[in-house]
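K.L.:
Dumping the structure here so I can ask a few things about it.
The values are calculated or read from the model by the stated rules, or taken from the named source; none is laboratory data. Values in this document were obtained by computation on a predicted structure and should not be read as measured data. Because the Cβ atoms are built from the backbone with ideal geometry, glycine has one as well, and the counts that use them run over all protein chains shown. Accessible surface areas use protein heavy atoms only, side chains included; no ligands, DNA or RNA. Shrake-Rupley method; radii C 1.70, N 1.55, O 1.52, S 1.80 Å.
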Amino acid sequence: MKRPSFAKVSRYAVCGVAGAMIAMLGAKAAGLRFNATPSIPLGVYRATGGTAQKGDLVAFCPPAAPPFLEALRRRYIEPGDCPSGSYEMMKRILAAKGDRVQIGGQGVRINGRLVPDSAPQLADGAGRALPRLNADWTLGDGEILVLGDGAASFDGRYFGPISARQVTAPIKPVPELARAIAEGLGGGARQDGFIDCGRHYVTWAIGHMLELVDPQDPWNMAALPISFIPWEKRPVAKTSAQLRTIGKLLKSARSVIHAGDPDDEGQLIVDEILQWAGSRLPVQRLLINDNNLKVVQRALASMRDNREFAGLSASAEARSVGDLLYGVNMTRAYTLAAQARGFQGVLSVGRVQTPILGLVVRRDRDFEAHTKSYYYTVSGQFSFAGLTFPARYQIGEGDPVDEQRRLIDRNFATAVAGAVQGQPARIASAKTTAKEAAPPLPYNLLKLQTDAARKFGYKPNQVKDITQALREKHRLITYNRSDSEYLSDEQHADAPGVLAAVAATVPMLAAIAQRADPAIKSRAFNSQKVSAHHAIIPTEATADFAALTEPEQRTYMLIARAYVAQFWTANQYDQTEIEIEVAGHAFAARGKVVTKPGWTVLYKNDVGNEDIAEDEDTLAADLRSIASGMAGQCLSASADQQETKPKPLYTMATLLTDLTRVAKYVRDERLRKLLIEKDKGKAGEHGGIGTPATRDSIIATLFDRGFLIEKGKNIISSPQARGFYDALPDQAKFPDMTAIWHE
């Protein structure tokens with residue numbers, strides 16, 4: 001069957017990082033569509049050197065031709081795919097690496113599920129059924145399972161008259177976003193560096209394919225400061241071939257669809273390619289957070305004018321140029337000064353990197369310099385209407401206290417305890433309020449990195465890599481470098497499908513996903529708080545959970561739990577506030593009774609989670625029966641000495657959290673407000689430094705350069721880092737500059 005020919009170029013799209021390009025060209029060589037079931041044995045085939053995945057198509061060339069297999073995410077193949085120019089078989093891959101395959105009398109099971117109509121395939125050469133066949137194994141690297149007529153064997157296991165084939169698959173990986181867009185356009189034929197989808201071409205960028213040209217000035221103090229404005233860019237050597245492919249395709253296109261990642265860097269990656277190519281074509285912007293077919297098709301139907309996003313691109317470029325200017329000049333200046341004193345190596349300075357180092361150095365020194373001091377608390381045991389409970393002394397006017405309003409006079413505290421013990425007491429006020437707590441918001445990247453560090457000890461760059469695999473390889477989560485914790489109102493309609501996917505993917509979450517109510521609309525669904533990104537959530541795709549790595553399993557479960565929690569009822573409780581008068585002194589108590597646990601059931605074993613942590617002054621006691629005016633007694637009282645403690649050394653989790661609140665370390669009040677204003681409307685960011693996409697690599701760089709050291713679970717600064725810190729001016733050590741740049 002011939003593929004329809006087309007006469008004119010229609011569209012073309014470029015997608016950044018893992019990208020795509022779309023175009024319709026003139027009449028093309030006729031291709032063949034796969035629209036029938038050819039004869040092909042059930043069998044395991046080895047795609048050596050390939051990256052065949054479940055769901056891909058495989059094309060088998062005739063035996064007369066050299067052995068050849070190609071995995072294709074498309075509905076047809078072109079002449080030339082086989083050396084003879086023809087082919088006779090094409091099938092969908094049913095199983096690939098990590099899948100469990102069982103063959104028996106009932107047929108073929110993949111991951112425990114029976115393949116429909118597979119039983120007739122299990123026969124000997126005379127067509128007789130083979131009920132006693134029994135095999136059970138997990139596919140390894142390069143192995144795939146296809147199903148057709150006849151029987152098969154694999155590695156010496158005999159399942160019928162046809163032997164498994166050794167085939168070479170010269171398959172180069174295609175970015176998952178490009179695959180997803182091609183599927184959204186109806187499928188296409190893989191070519192060198194792009195996918196031909198008929199009316200469209202889909203091609204991809206590989207990260208930033210253009211780089212700023214470093215200054216060539218000599219490393220000496222006389223050459224400083226260096227300025228390279230206007231700046232120049234050049235192709236990145238390792239991706240120059242793909243850049244040339246994009247340039248050639250642009251020449252024959254009528255329009256462009258920009259499908260870069262939905263953030264400022266993704267915007268710049270594609271925009272700078274179009275500028276480098278001198279393209280003047282009209283450009284539409286395709287925003288995709290989820291690589292699954294339904295979502296991609298919905299995005300293709302709602303594209304926007306790319307000019308709306310020019311500010312994002314300009315912001316990313318200005319930041320990269322400014323960072324290079326600052327980094328080159330400061331790094332050279334301090335390195336040259338240190339080398340003049342005998343230092344060997346490079347002392348790297350960066351706008352974000354160095355203030356992060358400063359946070360750690362200052363925290364270390366504060367911890368080491370801390371001097372113990374003491375303060376005192378007074379508490380009493382009270383009895384009212386048969387209820388006994390503790391209450392804490394309330395600071396009064398004129399009490400001897402420190403700047404944090406803590407008692408600092410032992411004698412005073414002891415005197416208060418002695419004065420109230422055994423004395424009659426009265427309830428000055430008692431109020432019970434019904435309250436509820438909403439579930440934690442879904443994850444952004446930083447919060448996910450923080451929780452993964454706290455629970456599993458994963459480093460930030462590990463979490464980014466894990467989520468990249470969950471997004472691109474498995475299609476199980478949405479865009480993974482998001483800085484948002486909110487979802488659009490429209491995404492609420494996807495809840496039944498996403499909850500079902502979670503239940504199907506993770507057996508241990510099936511019960512809680514099935515108990516979730518997709519009609520509940522939590523505070524997370526708020527389109528006004530969603531810009532380029534939305535929160536990281538599961539997609540409607542499913543996977544064999546056992547085939548995921550342990551880090552992938554753990555991370556997916558965190559993301560899934562946070563999403564499922566949105567569809568559980570709120571945590572409801574009654575809170576009672578009590579004030580007590582005794583011997584002229586005031587005491588207070590707070591009691592809490594959970595009336596409906598709601599979403600907290602999902603988090604009950606999550607030790608150390610701030611979202612479920614209780615205030616230490618809140619009692620898990622039912623005080624609702626206490627009423628104003630009740631008479632009672634202070635049964636006992638004590639004055640207890642407490643020791644002041646320094647802020648603890650950083651862990652990866654606490655450092656990541658501080659990076660979102662770094663404004664509190666800015667010394668200039670005006671600049672502090674500017675930094676907070678920068679993040680206005682961003683949940684989880686309160687005057688932060690760096691971005692979700694860059695923080696992990698910056699921290700990793702500080703480790704690589706020997707500035708940061710791991711000591712158990714703590715992160716501390718090295719002696720070299722402290723010496724370097726002391727030599728730097730304050731503007732380099734504190735995050736003030738980010739606020740100035742924002743201004």
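K.L.:
Using a cut-off of under 18 Å, list every residue of region 301-337 whose amide N is near the label point 7 Å from the Cα of Gln731 along the Cα-to-beta-carbon line.
P.N.:
319, 321-335
K.L.:
If you don't mind, another one. Given a Förster distance of 51 angstrom, what is the FRET efficiency for Ala237 paired with Ala500, based on the Cβ-Cβ distance and rounded to 0.05?
P.N.:
Values: r = 46 Å, r/R0 = 0.91.
About 0.65, to the nearest 0.05.
K.L.:
Region 512-544 to region 217-250: how many Å between their Cα centroids?
P.N.:
Cα centroid to Cα centroid, the span is 41 Å.
K.L.:
Taking 0.36 nm per intervening residue step and subtracting the Cα-Cα distance, what contour gain separates Ser252 from Leu293 on full extension?
P.N.:
On the way: separation 41, 0.36 × 41 = 14.76 nm, distance 2.75 nm.
Extending this stretch completely gives an extra 12.0 nm.
K.L.:
Follow-up question, since we're still on this one. Would you check the accessible area of Arg705, probe 1.4 Å, heavy atoms only, in square angstrom rounded to 10?
P.N.:
My reading of the accessible area for Arg705 is about 110 Å².
K.L.:
Also: Going by a ≥ b ≥ c, the root eigenvalues of the Cα gyration tensor, does region 559-625 fall in the rounded group (a/c under 1.5), the prolate group (a/b larger than b/c) or the oblate group? List each step's numbers first, then the result.
P.N.:
Details: a/c = 4.25, a/b = 2.43, b/c = 1.75.
Prolate, since a/c reaches 1.5 and a/b exceeds b/c.
K.L.:
Another question about this same structure. How high is the relative contact order of region 522-595? Use alpha-carbon pairs under 8 Å, at least six apart in sequence, and give a whole percent. Spell out each step's value before the answer.
P.N.:
Values: 45 pairs, mean separation 17.8, N = 74.
Relative contact order, region 522-595: 24 percent.
K.L.:
Now for a separate question. Shape call for region 275-428 from the C-alpha gyration tensor, a ≥ b ≥ c root eigenvalues: rounded (a/c under 1.5), prolate (a/b greater than b/c) or oblate?
P.N.:
Working: a/c = 4.80, a/b = 1.75, b/c = 2.75.
Cα axes put region 275-428 in the oblate bin.
K.L.:
Which length gain, in nm to one decimal place, applies between Val346 and Ile740 when the Cα-Cα distance is subtracted from 0.36 nm times their residue separation? Walk me through the intermediate numbers first.
P.N.:
Values: separation 394, 0.36 × 394 = 141.84 nm, distance 2.68 nm.
Fully extending the segment from Val346 to Ile740 adds 139.2 nm.
K.L.:
Here is a further query. Working out 0.36 nm times the residue gap between Ser636 and Ser697, then minus their Cα-Cα distance, what length gain in nm do you get to one decimal? Before the final figure, lay out the partial values.
P.N.:
Values: separation 61, 0.36 × 61 = 21.96 nm, distance 5.61 nm.
Result: 16.4 nm gained on full extension.
K.L.:
Obtain the nm distance between the two label points defined at Phe456 and Glu614 by a simple spin-label model: each point lies 7 Å from its Cα along the Cα-to-C-beta direction.
P.N.:
3.0
K.L.:
Give me the one-decimal nm value for the distance between modelled label points at Ser527 and Arg362, 7 Å along each residue's Cα-to-Cβ direction.
P.N.:
4.2
K.L.:
Using a 1.4 angstrom probe on heavy atoms only, work out the carbon and sulfur share of the accessible area of region 334-448 in %. Let's see the in-between values first.
P.N.:
Working: 2760 of 5730 Å².
With neighbouring chains kept in place, the figure for region 334-448 is 48 percent.
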